[in-house]
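Accompanying notes for the structure given below.
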Amino acid sequence: MQNNTFSTLFVGQNLIKLKEVDSTNNYLKNLASNSEPLPEGTVIMADNQFAGRGQQESVWQTEPGKNISTSIYLKPSFLPLNKQFYLNIAVSLAVSEALTQFVDEPVEVKWPNDIYCMGRKLGGILIENTLTGVFIKSSVIGIGLNINQQNFRPDLTQKAISLIQLLKKETPLEIILEKIFVYMEKYYLNLREGKYDFLQSDYLKRLYNFNVTATYKQNGKVFEGIIKGVEDNGRLIMETETGESVFNFKEIEFIHTK
């Protein structure tokens, strides 16, 4: 456990660094359930995460020491369950805005919370909530970002991208984390104040393929659609040839055309 010089109020002020762990999310969840109350903003960082997960148990691949594998502990007890997707929105905005400080190309959010740049995946976010009644007791926010990794598996080469590929130079992970923590507080405090319209508006500005005709797949069927918005509960609103449709997480897949 370390105290830090991050210019934040609470995110990252309690930092635990690990050489290796199966999943920073799992480690943080165990820590929260088996110890004294954790300070809000506690961060777990790992040089190597050998069983990182994405949405719906997808595996997150990362090279040791090259990328950001981190989890943040928050207590958004002020957030009703029917607004819980706004935590995803706040975190996605924080990460994308932080990365925008380093690259000239637009950094976008691919619904629901992948981080994209130049049509390829730069990272992802996994939020796991513990509920009490109709409110969120605590949240473990996992963030995985491709930073200084240059080579990916052949099946990911056209789908993944890293900061070093964009910048042609390495970037210290701590500098990026500093930005992420600062913007995390900014958007989290806006969330606490109930600024849902502001968060929704900013999210749509960064939403990958918003108001753009693109190709998707559902249950093996390929179709064209235009993303028109996101409901409060996180469902995607899309205009298709049969009219307006809404989709839950993992119901549809974006088809890469490159």
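The values are calculated or read from the model by the stated rules, or taken from the named source; none is laboratory data. Just so it is clear, the model here is predicted, and its values are computed rather than measured. Reconstructed Cβ throughout: ideal geometry from the backbone, glycine too, with neighbour counts over all protein chains shown. In case anyone asks, the SASA skips ligands and DNA or RNA and just uses the protein heavy atoms, side chains included. Shrake-Rupley method; radii C 1.70, N 1.55, O 1.52, S 1.80 Å.
Could you look at region 101-174 and say what percent of its accessible area is carbon and sulfur, using a 1.4 Å probe and all protein chains?
That share works out to 50 percent.
Residues in region 170-258 average 55 Å² of solvent-accessible surface per residue, probe 1.4 Å, ligands and nucleic acids excluded. For the listed peptides 168-180, 216-228, a ranking on the average number of other beta carbons within 10 Å per residue, highest first, reads 168-180, 216-228. In a solvent-free Debye calculation with one equal scatterer on each Cα, what is log10 I(q)/I(0) for the chain at q = 0.07, 0.14, 0.17 Å⁻¹, listed in the order of the q values? Debye intensities relative to I(0), on a log10 scale: -0.23, -0.97, -1.44. Screening the chain for whole DSSP H helices with an alpha carbon extent of at least 24 angstrom along the helix axis and a mean Kyte-Doolittle hydropathy of at least -0.5 yields 173-192. When peptides 142-151, 87-96 are sorted by average Cβ neighbour count within 10 Å, with the highest value leading, the order is 87-96, 142-151. Candidate cross-link partners of K221 among the aspartates and glutamates, defined by an alpha-carbon separation under 19 Å and a same-chain spacing of 8 or more, comprise E239, E241, E244, E251, E253. Considering only alpha-carbon pairs that sit under 8 angstrom and 6 or more positions apart, the relative contact order computed for the chain is 17 percent. Counting only residues at least eight positions apart within a chain, or on another chain, the aspartates and glutamates with an alpha carbon under 20 Å from that of K179 are E40, D47, E97, D104, E105, E108, D114, E170, D202.
Give me the extension gain from L38 to E128: residue separation times 0.36 nm, minus the current Cα-Cα distance, reported in nm with one decimal.
Values: separation 90, 0.36 × 90 = 32.40 nm, distance 1.61 nm.
Additional length available on full extension: 30.8 nm.
Here the simple spin-label model places points 7 Å from the Cα toward Cβ, and for E63 and E170 these points are separated by 1.0 nm. For the residue pairs K121/K205; K110/K169; K168/K228, the C-alpha atoms sit more than 27 angstrom apart in K168/K228.
For the peptides 184-191, 66-73, 99-106, 122-129, what is the packing order when you average, over each peptide's residues, the other Cβ atoms within 10 Å and list the highest mean first?
66-73, 122-129, 184-191, 99-106
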